[in-house]
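Structure first, commentary second.
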Amino acid sequence: MRTMTIRRISILICLLSFVAAQAQETQTVGNKQDDHMKWWREARFGMFIHWGLYSIPAGEWKGSTDHAEWIRTTAQIPLDEYNQLVAKFNPVKFNAEEWVKTAKDAGMKYMVLTSKHHDGFCLFDSKYTDFDVMSTPFSRDILKELSDACRKYDMRICWYHSIMDWHHPDYLPRRDWETTRSSDSADFKRYLEYLKGEVKEIITNYGDISVLWFDGEWESTWSHEYAKQLYDYIRQIDPDIIINNRIDVYRDGMAGLSTNEEALGDFGTPEQEIPENGLPGKDWESCMTLNDHWGFNKFDNNWKSNKDLIYNLVDIASKGGNYLLNVGPTAEGVIPPQSIERLQVIGKWMKANGASIYGTQSSPFKSAKWGKCTQKATADGTRLYLHIFDWPKNNKLTVTNLINEPVRAFILNDPKETPLTITKKSGGIEITLPAVPVDSINSVIVLDIKGAPQVLDTPEFSYRYDAPADKVEIKLISEVKDPKIAIYYTLDGTAPTDKSSILSKPVLAKLPVNFSAIMFYGGRKLGEVNQIALPLSFGRSVTLTNEPSEKYKAAGAVSLTDAAKGSLKFSDGKWLGFEGKDFQATLDFGKKTAIHSASFGYLVSNKSWIFEPVDIKIEYSTDGKEYKPLLSKKFNPAMWKSADAVKHFSDVFPEVNARYVRFTAKNRGTCPEGHPGAGGKAWIFVDEIEVD
Ligand code: H79
């Protein structure tokens, strides 16, 4: 008998319980000195600024054009040559007040400037190095001008300061390609003193500094002990300054959270990503670019749309985080016009809808089909902000899963607060909206309710194939304890009602499965239909001809028929990855079975060297020896420059009786010409074979 793996089940974590005012708790748990985080939690939106010597080459070096703030390393520029940029740094158009006004107009509450990036160049007057702005023709202290301007406009100012330093002689390690920079007399302890000296300068010479944002902490030379020394040193100077978690060594990659109890730092730092489900009990900030680079790159035109940017801001707020959005000014000191245009659109939206972002708490809903939610406690209840990106076609917005008594609803951007009609319906609270959205990107509806939100999550189920019985067992992941809750289900694809079968014990069903369930609360439908469709092949035994790579083997062959499909993230633990090798899997029904369709899932992510197979073949057999063709497809191997995608090859065929179905996907073997990995091994990633 096969059961689903623990990992799979944990993905289906479900709590059929009240998640009352979950967010209110979230915000007060976890940090020792909570008071100093108060302004930061309310601010929600800040500006990141990546600016330095690297802005001069603007992404280009000897013909290659994909560089930015990492250019010294990505283009392997010798130190002497890089140092020549100092004589060229003269941003005559720099105007600190303009920058601050740009941030302010966008609705941002704080600014984080790179006082020093990995290249080691300091944008301020440091007495510890000449590799600073005072050695340039410009010779004006940028930190001074920006912090003065911030104070004038009531904007908080923060510094990004890199721990990694490719310039300082005492910093170790050297880059592997830096063969002429000896490290013989380098002393990392001395570097720590240098770093401390500079940190003291930047937090004492420019008035009140709100955040210290460290980065470049991942090299082997940095340690928790050093982090602690630096941390204690800062705290003794300024007990209230907020410090990010990259001061310490426990960050879990780009996801940005600390993985150790003793990790120092006030907040987690996801980079270029938004956590899927928020991070309950943690303070965090997602930093993201407006295009694809942090520092200015004049070739990068891949600007995010206004809709995506506002969506990200709302998505992050609805999960209880902050959004740190980056600009990369030019060598002249100008924020690119494409950035300004976008910040203005966000600013206009924030001016009308800022109340739904600032000082709000995360959504009480686990997920909602209609959009995103933020909330604030009121004197006698809760104000929910419903963010609608896709206007409902019939102008009726149904808020499901919410038990509370609604009080009133209106459009946030309506100064008269004209009440919208609320109807308590089976299924949820229905709000009648105007015929057209008030905002072309995201209209915010206020819904006031009595008390703290009481949300009843849609029930979730686990399921497994029971081979001896040849049946699937479907059961609730957690028990229903509240007598007001009843769950009804069907097995024939029809919509369940309170006249359908009531769920009181695990359901046994024959494959293929078409299970639908609905929850009633106190005789009223609440929430959405939960559907589980499983193909005839679900849970069947599969054998592999070639083993997948050790690194990407999911739970082995069973992952191919477990109905949990791999996502765009190739490292999600669901994909089987084959390096240079072909994929072949044979599914065994145990006895002759009538089938008429098949599907094969694979990933395309050519930047990660994962390509479409050269061809896919699906065959069947009654004896496991002789195979006859069912479906096949050839791909044009010249067409590999496609966007990342999860793909399915599927088709139907005239019914046959098969005991075995064999899936073969041929690997192209090596990365094609023109690919960065040309000549190296190509990968194919596969997950989920389905037969019906
Ligand atoms: O300043 C911007 C970038 O220049 C900087 N962070 C943002 C805010 C940055 N530096 N490196 N990176 C971004 C990407 C580096 C990723 C890796 Fe690692 C470093 C991969 C392995 C070491 C970080 C630490 C992710 C995994 C471990």
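What is the sum of charges around Gly669, taking Lys and Arg as +1, Asp and Glu as -1, for the other residues whose C-beta is under 11 Å from the C-beta of Gly669? List each step's numbers first, then the result.
Working: positive: Lys581, Lys666, Arg668, Lys681; negative: Glu579, Asp582.
Within the 11 Å Cβ shell, the charges total +2.
Whenever you get a sec, line up Lys38, Lys565 from highest to lowest accessible area (probe 1.4 Å, protein heavy atoms).
So the residues, ranked largest to smallest area, are Lys38, Lys565.
Say the dipole of region 34-356 comes from +1 at the beta carbon of Lys and Arg and -1 at that of Asp and Glu; which of Leu290, Phe214, Leu85 then lies farthest toward its positive end?
Leu290
Contact order normalised by length for the chain, with contacts defined as Cα pairs under 8 Å and 6 or more residues apart; what percent is it?
Relative contact order, the chain: 11 percent.
Could you compute the FRET efficiency for Ile237 and Thr259, with r as their C-beta to C-beta distance and R0 at 25 Å, rounded to 0.05?
Details: r = 28 Å, r/R0 = 1.12.
Computed FRET efficiency for Ile237 and Thr259: 0.35.
Hey, any idea what Rg/Rh is for the chain, computing Rh the Kirkwood way over Cα pairs? Walk me through the numbers before you get to the answer.
On the way: Rg = 28.7 Å, Rh = 28.5 Å.
Using only Cα positions, Rg/Rh for the chain is 1.01.
Compactness ratio of region 34-356: Cα Rg over 2.2 N^0.38 Å, N = residue count?
0.94
For Thr458, Thr497, Thr374, write out the residues from largest to smallest accessible area, computed with a 1.4 angstrom probe and no ligands counted.
Of Thr458, Thr497, Thr374, the descending order of accessible area is Thr497, Thr458, Thr374.
Could you tell me the center-to-center distance, by alpha carbons, between region 400-422 and region 496-575 in angstrom?
If we compute the Cα centre of each part, the gap is 37 Å.
With charges only on Cβ, +1 for K and R and -1 for D and E, what is the dipole size of the chain about its Cα centre, in debye, rounded to 20?
2420 debye
Which GluC sites (Glu not before Pro) in region 616-692 sit in a loop by DSSP (not H, G, I, E or B) and have at most 10 other Cβ atoms within 10 Å of their own Cβ? The partial results should precede the final answer.
Details: sites: Glu619, Glu626, Glu655, Glu673, Glu688, Glu690; in loops: Glu626, Glu673.
The qualifying sites are Glu626, Glu673.
Give the accessible area for Cys671 in Å² (nearest 10); use a 1.4 Å probe, count only protein heavy atoms, and leave out ligands, DNA and RNA.
10 Å²
To the nearest 20 debye, what is the magnitude of the charge dipole of region 324-402 about its Cα centre, counting +1 on the Cβ of each Lys and Arg and -1 on the Cβ of each Asp and Glu?
380 debye
So how exposed is Ile243, as accessible area in Å² (1.4 Å probe, rounded to 10)?
0 Å²
Keeping the other protein chains in place, figure out the carbon and sulfur percent of the accessible area of the chain, with a 1.4 Å probe. Could you put the intermediate results ahead of the total?
Details: 15000 of 30020 Å².
Percent of accessible area from carbon and sulfur atoms in the chain: 50.
Normalised by the empirical 2.2 N^0.38 Å for globular proteins, what value does the Cα Rg of region 274-409 take?
1.21
Label-point separation (nm) for Arg175 and Ala638, each offset 7 Å from Cα along Cα-to-Cβ?
3.7 nm
Give me the net charge for the shell around Lys282: Cβ to Cβ below 11 angstrom, other residues only, Lys and Arg +1, Asp and Glu -1.
Details: positive: Lys319; negative: Asp266, Asp283, Glu285.
Combined, the nearby Lys, Arg, Asp and Glu give -2.
For Asp240, Asp34, give the ranking by accessible area with the largest first, probe 1.4 Å.
Asp240, Asp34
What is the sum of charges around Val345, taking Lys and Arg as +1, Asp and Glu as -1, for the other residues whose C-beta is under 14 Å from the C-beta of Val345?
On the way: positive: Lys304, Lys307, Arg342, Lys348, Lys351; negative: Asp105, Asp308, Glu341, Asp439.
Computed value for this residue: +1.
Taking the Cα centre as origin and putting +1 on Lys and Arg beta-carbons and -1 on Asp and Glu beta-carbons, what dipole magnitude results for region 541-691, to the nearest 20 debye?
160 debye
Show that you can apply the helix-only estimate: for the chain, add -39,500 (n - 2.57) for every DSSP H stretch of four or more residues, divide by all residues, and state [θ] at 222 nm to the nearest 500.
The per-residue figure over the chain is -4500 deg cm²/dmol.
Could you check the spin-label model distance between Lys200 and Asp492? Points 7 Å from the Cα along Cα→Cβ, value in nm.
8.1 nm
Heads up, I need the accessible area for His167: 1.4 angstrom probe, whole protein in place, Å², nearest 10.
40 Å²
Using the heavy atoms of the protein chains and a 1.4 angstrom probe, tell me the accessible area per residue for the chain in square angstrom.
Per-residue value: 43 Å².
Of all the C-alpha pairs in region 541-691, what % are more than 26 Å from each other?
It works out to 23 percent of all Cα pairs.
Which trypsin sites (Lys or Arg not before Pro) does region 414-452 hold that lie in a coil by DSSP with at most 16 other beta carbons within 10 Å?
Listed in order of number, the matching sites are Lys416.
Which FRET efficiency value, to the nearest 0.05, is calculated for Lys565 and Asn394 with the Förster distance at 35 angstrom and r the Cβ-Cβ distance?
Efficiency, from the Cβ-Cβ distance: 0.65.
The values are calculated or read from the model by the stated rules, or taken from the named source; none is laboratory data. Every value quoted in this text rests on a predicted model; they were computed, and no experiment measured them. All Cβ positions, glycine included, derive from the backbone under ideal geometry; neighbour counts span all protein chains shown. For accessibility, only protein heavy atoms count, side chains too; no ligands or nucleic acids. Shrake-Rupley method; radii C 1.70, N 1.55, O 1.52, S 1.80 Å.
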